[in-house]
Amino acid sequence: MTLPIALILKAPDLKPEETENFVQLLTAHQSKLYAYIRSLLPDTQAVQDVLQETNLVLWRRSEEFEPGSNFVAWACKVAYFQVLAYYRDNKRDSMVFNVELVSMLAKQNEEKLAGSKDMQRVLSRCLAKLPEQSRRLIQQRYAAGGSVQAIAEEQGRSVGAVSQMLYRIRQLLHECVQKSLASEQGE
């Protein structure tokens with residue numbers, strides 16, 4: 001997804017490095033914003049329209065963003081209000097959601113987005129704990145174009161053997177992530 005060039009041309013009263021940082025945050029989180037809005041709207045075209053409106057509002061209000069705070073949470077809150085405005089403006093459509101339902105869905109999705117950051121952090125730690133050979137195998141499998149078939153051929157093993165190794169490694173990662181998250185929540 002690309003941002004309209006108009007967003008970059010006329011910056012609010014921000015210093016050049018603040019403008020650059022804000023644009024980087026905005027572009028880096030477009031897919032999360034899209035997913036968040038998509039979870040609240042059934043129509044793909046409406047999602048695109050609301051995403052564009054959200055980007056415009058975020059840009060206009062960029063001076064209000066506190067660097068170092070949670071950009072995704074702030075952007076999702078703006079998107080939430082844009083979704084509500086969409087529903088308000090399109091009442092005549094046959095499929096109109098209840099505001100309470102939209103609010104509930106928004107809250108659940110904000111929590112999921114916040115949790116995904118924790119999950120990535122914990123997964124990175126768990127990956128680092130793996131033996132080098134296991135870590136390398138996971139990296140090969142999930143690298144662009146990586147496949148079990150290619151790894152099996154490279155290592156001179158059967159596809160079944162490589163699949164079994166990957167399964168065991170994923171199980172170890174799953175257990176490590178679950179334990180880590182449980183211990184963090186118990187703190």
Solvent exposure, largest accessible area first (probe 1.4 Å, DNA, RNA and ligands not counted), of C176, C76
C176, C76
Share of carbon and sulfur in the accessible heavy-atom surface of the stretch 116-187 [1.4 Å probe, %]:
52
With every protein chain present, what accessible area does L181 have (1.4 Å probe, heavy atoms only), rounded to the nearest 10 Å²?
30
The stretch 120-187: projected area of the alpha-carbon convex hull, averaged over directions, in nm²
4.7
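The values are calculated or read from the model by the stated rules, or taken from the named source; none is laboratory data. In this text the structure is predicted, and so the values were computed from the model without any measurement. Heavy atoms of the whole protein, side chains included, go into the accessibility calculation; ligands, DNA and RNA do not. Shrake-Rupley method; radii C 1.70, N 1.55, O 1.52, S 1.80 Å.
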